[in-house]
Amino acid sequence: MTTPLTSRFPYAKGPDGSRRLGYGADYNPEQWTREVWEEDVRLMREAGVNVVSLAIFSWARLQPTADTWDFGWLDEVMDLLHAGGIGVDLATATASPPPWLTTAHPEILPVTASGETVWPGARQHWRPTSPVFRAHALRLVREMATRYAGHPALVAWHVNNELGCHNIHDYSDDAARAFRAWLRARYTTLDGLNHAWGTAFWSQRYSDWEQLLPPRLAASHPNPTQQLDFKRFSSHALKEYLCAERDVLREITPDVPVTTNFMVMGGTKGMDYADWAGSGAVDFVANDHYVVPGPQDRDELSFSANLTSALADHRPWFLMEHSTSAVNWQPVNLAKRPGDLARDSLLHVAHGADAVCFFQWRQSAAGAEKYHSAMVPHAGPDSEVFRAAAGLGRTLSVLAPVAGTVREPARVAVLFDWESWWASEQDSHPTSLLDYRQEALDWYSALLAVGVRADIITTRTGLETYDVVIAPVLHMVPATLAKDLTRYAEGGGHLVTTYFSGVVDENDHIWLGGHPGALRELLGIRVEEFGPLLGDDSADLDNSTTGTVWTDRITVTEPDVRVLARYRTGAYAGRPAVTRRTTGSGSATYVSTRLGRAGLASLLPELLTAAGVESELPEAARGRVELAVRRSADARFLFLVNRTDAPVPLPGVRGEVLTGDVGTEGELVLPPREIAVLRRPLTT
Ligand code: GLA
Ligand code: GLA
């Protein structure tokens, strides 16, 4: 794809002017006294910090009342940081409106689907569509930009914070007005809207635009296309707000790149970041990521980092936040194990991050996040966490040659699509057990298990360069996407898709004639009825795998379809479960049930071999080591990550060891949970 992202990235520079990887944290000096600020800068230098995000939650301090400003303290902090050689990713400070504003203007507060006001007392209690909020926020942005325009510490602008973290779906009257305007722009006529929303159903026909509402609490299931459009609109409205702040910043400081921190992690799904990044809302992509402990936790980290790289069009991106150790918002907040701090950070670098920052610099003594880890914990700098953070600072400085290199594309891709995510998990469906992101993650875990490198891509990414494209639960397939996928497979690509794919068009209308309508011909199969499974039910296949969640009643319709596996048990015993149609030199494979990461790992070799894709890792390391590759004009950088608690030998793997305790003589051995980075000239 051609990207509207500019290539401006706020690189830290070494003494000789060369690029360095960024390293730092959110810095909240307003929680501390001036003496602490000076110690902070000294310790930041000791830890190798070269960039911090500042003033994210400072609105109440910067503008104590509607007509008074207090920038003196921030001037001082900016100067101190600059004197310490530390760059500032300066927030616009709009994330948490102060009490004077919400008291004077309660009409900026969000409203839930059931009509309850979201009150102040935490943060992000504002409506993305409120003109009153916007006027106050943009005034603050203008003050900030004007005051710090020429400040030498300023390296980037940080719009708001984690837009949509708490306020993505607002059902207020402001939202209703903006939703109507968005619908008018999308459909032009009421006839168009009535058709798209299928309003012949349940007497929902609209005869005036004023009748349209967000999907507020209703007697039963609200109209699905209304729900879907409200999701699209909500993502769009927040992007539009982001662009409004960005435009003020660009007007005053055209040379300072603008970003905001995305949340590509876990189940955060309200913001269509492929749209945000793909339409140029930011100059460079930044992401926040937190590990949620579980059997696939580091696979999920890798998946998220990999997807963030796709959003950045495979250019360097900025890891704005992750944690040194525990967070405060999970039911049980586990401390990280020794070594995880560095490994988690470097796994992001492996997937294209050129800056690695934590939330936060100094652990708070008060407030809702006082039990959230930081670079300087409650115990102070004489602590394992601070020593580990300083150690990572040294490692990142050794890895300076990686800064500015790009991720080397893989031959296999997993297609991730926000519209299918939203659409496949709506209510009134065959099952509520379907988990879109989990299915995608399972395929990625399976690829890691067989030692094959893959890219996570979006529908904006070109498919042509990939030998295999896996599109799990690609539920919403408009005609154009169906054509692209067909062209891909007929042109020699190997497409793999799964249950509940290709079922609806962009209006969430069924493609009629048998499922998976949009892909039926390409796959050469026809599904008459879905066979979802109860939570504790499963169906065995004759290839020794087991399906859960879903099955399909499949009929093969084309002679060039081969059945790779059949159901052995369950309602569809004897019928096809996995099919593969040959299309010229390409193919189209359908997997009709949830096989899970182990089942998919046993299926993958057959699919990959047919496409001529092999692991780049030595046999002994497959599944135990994750490989990611970055590339400069003259070198490849191999990131090798031990996914296990045991040492893993790397027979035949050679290169200059930049970091990692892998030994130097003879065969390299990767210690448990360690990450190593090797540089190899491109000619070898
Ligand atoms: C988010 C926010 C931070 C902080 C962290 C805690 O990422 O942006 O301000 O609340 O969560 O994990
Ligand atoms: C009830 C209603 C019908 C339909 C069915 C679906 O019986 O009267 O309109 O919604 O439920 O099961």
#### Entry: Candidates Thr68, Thr2, filtered to the one that is out of contact with any Phe, Trp or Tyr (no Cβ under 6 Å at 6 or more places or on another chain), at pLDDT 95 or above and farther than 18 Å from Ala389 by Cβ
Thr68
### Message
List the residue pairs whose Cβ atoms are under 8 Å apart, where the first residue sits in region 9-26 and is not assigned by TED's automatic domain parsing to the domain that holds Val398, the second is basic (Lys, Arg), and the two are 6 or more positions apart or on different chains.
### Response
none
### Exclusive hit being surrounded by 14 or more Cβ atoms within 10 Å (Cβ to Cβ), at pLDDT 95 or above, away from ligand 1 (no atom under 16 Å from the Cβ) and outside any helix (DSSP H, G or I), set Pro254, Pro214
Pro214
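In the same structural domain as Leu43 (by TED's automatic domain parsing), under 27 Å from Ser279 (Cα atoms), away from ligand 1 (no atom under 14 Å from the Cβ) and out of contact with any strand residue (DSSP E or B) (no Cβ under 9 Å at 6 or more places or on another chain): which single residue out of Leu311, Leu307, Leu301 fits that description? Before you say what the answer is, go through the steps one by one.
Values: Leu311 fails: out of contact with any strand residue (DSSP E or B) (no Cβ under 9 Å at 6 or more places or on another chain); Leu307 fails: out of contact with any strand residue (DSSP E or B) (no Cβ under 9 Å at 6 or more places or on another chain).
After applying the criteria, what remains is Leu301.
Quick check on this structure: which one of His166, His158 is in contact with an Asp or Glu (Cβ under 9 Å, 6 or more places away or on another chain), within 16 Å of ligand 1 (Cβ to nearest atom) and under 30 Å from Pro257 (Cβ atoms)?
Values: His166 fails: in contact with an Asp or Glu (Cβ under 9 Å, 6 or more places away or on another chain).
After ruling out the rest, the residue left standing is His158.
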### Query
If you go through region 646-684, how many residues are in contact (Cβ under 8 Å) with a residue 40 or more places away in the chain, more than 23 Å from Thr405 (Cα to Cα) and part of a strand (DSSP E or B)?
1
### Task
Kindly check whether there is at least one residue in region 521-544 that is on the phi > 0 side of the Ramachandran plot, crowded, with 21+ Cβ neighbours inside 10 Å and of a type in the set (Gly, Ala, Ser).
yes
### Close pairs (9 angstrom Cβ cut-off, 6 or more residues apart or separate chains): within 19 Å of Arg343 (Cβ to Cβ) in region 371-395, at pLDDT below 95 and assigned to a loop (DSSP other than H, G, I, E, B) anywhere
Glu384/Pro338; Ala388/Pro338; Ala388/Gly339
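Taking the options Ser424, Ser397, name whichever one is closer than 14 Å to Ala471 by Cα and not aliphatic (A, V, I, L, M).
Only one candidate qualifies: Ser424.
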#### Entry: Filter result (assigned to a loop (DSSP other than H, G, I, E, B), in contact (Cβ under 8 Å) with a residue 60 or more places away in the chain and over 26 Å from the mean Cα position of the chain (by Cα)) within region 135-161
Ala149, His151, Pro152, Ala153
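Being touching a strand residue (DSSP E or B) at 6+ places or on another chain (Cβ under 6 Å), farther than 23 Å from Gly404 by Cβ and at pLDDT 95 or above narrows it down to one residue among Met271, Met263; which is it?
None of the others qualify; the one that does is Met263.
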### Lone unmet requirement of (1) assigned to a helix (DSSP H, G or I); (2) under 30 Å from Ile56 (Cα atoms); (3) out of contact with any Asp or Glu (no Cβ under 6 Å at 6 or more places or on another chain) for Ala185
(2)
### Summary
Filtering region 663-673 down to residues that are at pLDDT below 95 and at negative phi yields Thr664, Glu665, Glu667
### Query
Between a first residue in region 326-338 that is more than 20 Å from Gly367 (Cα to Cα) and a second residue that is within 13 Å of ligand 1 (Cβ to nearest atom), which pairs have beta carbons less than 7 Å apart while being 6 or more apart in sequence or on different chains?
Lys336/Ser325
### Query
Does Glu619 satisfy the criteria of being acidic (Asp, Glu) and either closer than 30 Å to Ala565 by Cα or touching an Asp or Glu at 6+ places or on another chain (Cβ under 9 Å) (or both)?
yes
### Query
For region 15-134, which fully contained helices (runs of 4 or more DSSP H) count at least 3 residues that are surrounded by fewer than 17 Cβ atoms within 10 Å (Cβ to Cβ) and of a type in the set (D, E, K, R)?
34-47, 72-83
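Being under 15 Å from Gly623 (Cβ atoms) and among the charged types (D, E, K, R) narrows it down to one residue among Arg453, Arg460; which is it?
Exactly one residue qualifies, and that residue is Arg453.
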#### Entry: Test set (1) within 16 Å of ligand 1 (Cβ to nearest atom); (2) under 23 Å from Ser445 (Cα atoms); (3) in a loop (DSSP other than H, G, I, E, B) - Arg337 fails condition number
(1)
## Note on the structure
Given (1) surrounded by fewer than 16 Cβ atoms within 10 Å (Cβ to Cβ); (2) part of a loop (DSSP other than H, G, I, E, B); (3) in contact with a strand residue (DSSP E or B) (Cβ under 8 Å, 6 or more places away or on another chain), Leu512 misses just (3)
### Query
Which condition breaks for Val406 when tested against (1) surrounded by fewer than 22 Cβ atoms within 10 Å (Cβ to Cβ); (2) more than 30 Å from Phe284 (Cβ to Cβ); (3) of a type in the set (Val, Ile, Thr)?
(2)
### Message
Let me confirm something: among Thr465, Thr458, Thr551, Thr498, which residue is surrounded by fewer than 16 Cβ atoms within 10 Å (Cβ to Cβ) and either within 30 Å of the chain's Cα centre (by Cα) or modelled with pLDDT under 95 (or both)?
### Response
Thr465
### Sole residue being in contact with a strand residue (DSSP E or B) (Cβ under 8 Å, 6 or more places away or on another chain), buried (at least 23 other Cβ atoms within 10 Å of the Cβ) and closer than 23 Å to Val406 by Cβ, chosen from Phe318, Phe284
Phe318
### Message
Suppose we keep only residues that are within 13 Å of ligand 1 (Cβ to nearest atom) and either outside the structural domain of Arg142 (by TED's automatic domain parsing) or hydrophobic (A, V, I, L, M, F, W, C) (or both) within region 257-293. Which one would you say is farthest from the chain's Cα centre (by Cα)?
### Response
Val292
### Message
Just to be sure I understand the filter: pairs with C-beta atoms under 8 Å, separated by 6 or more residues or on different chains, first member in region 471-489 and part of a helix (DSSP H, G or I) and surrounded by fewer than 24 Cβ atoms within 10 Å (Cβ to Cβ), second member modelled with pLDDT of 95 or more and among the acidic types (Asp, Glu). Which pairs pass?
### Response
Ala479/Asp505; Thr486/Glu521; Tyr488/Glu464
### Task
Being among the acidic types (Asp, Glu) and either within 13 Å of ligand 1 (Cβ to nearest atom) or at positive phi (or both) is the filter here, so list the residues in region 349-376 that pass it.
Glu369
## Note on the structure
Only unsatisfied item for Asp174, checking (1) closer than 30 Å to Asn50 by Cβ; (2) away from ligand 1 (no atom under 16 Å from the Cβ), is (1)
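The values are calculated or read from the model by the stated rules, or taken from the named source; none is laboratory data. Because the structure is a prediction, the values reported are computed rather than measured. Quick reminder, even Gly has a Cβ in these numbers, built from the backbone with ideal geometry, and neighbours come from all protein chains shown.
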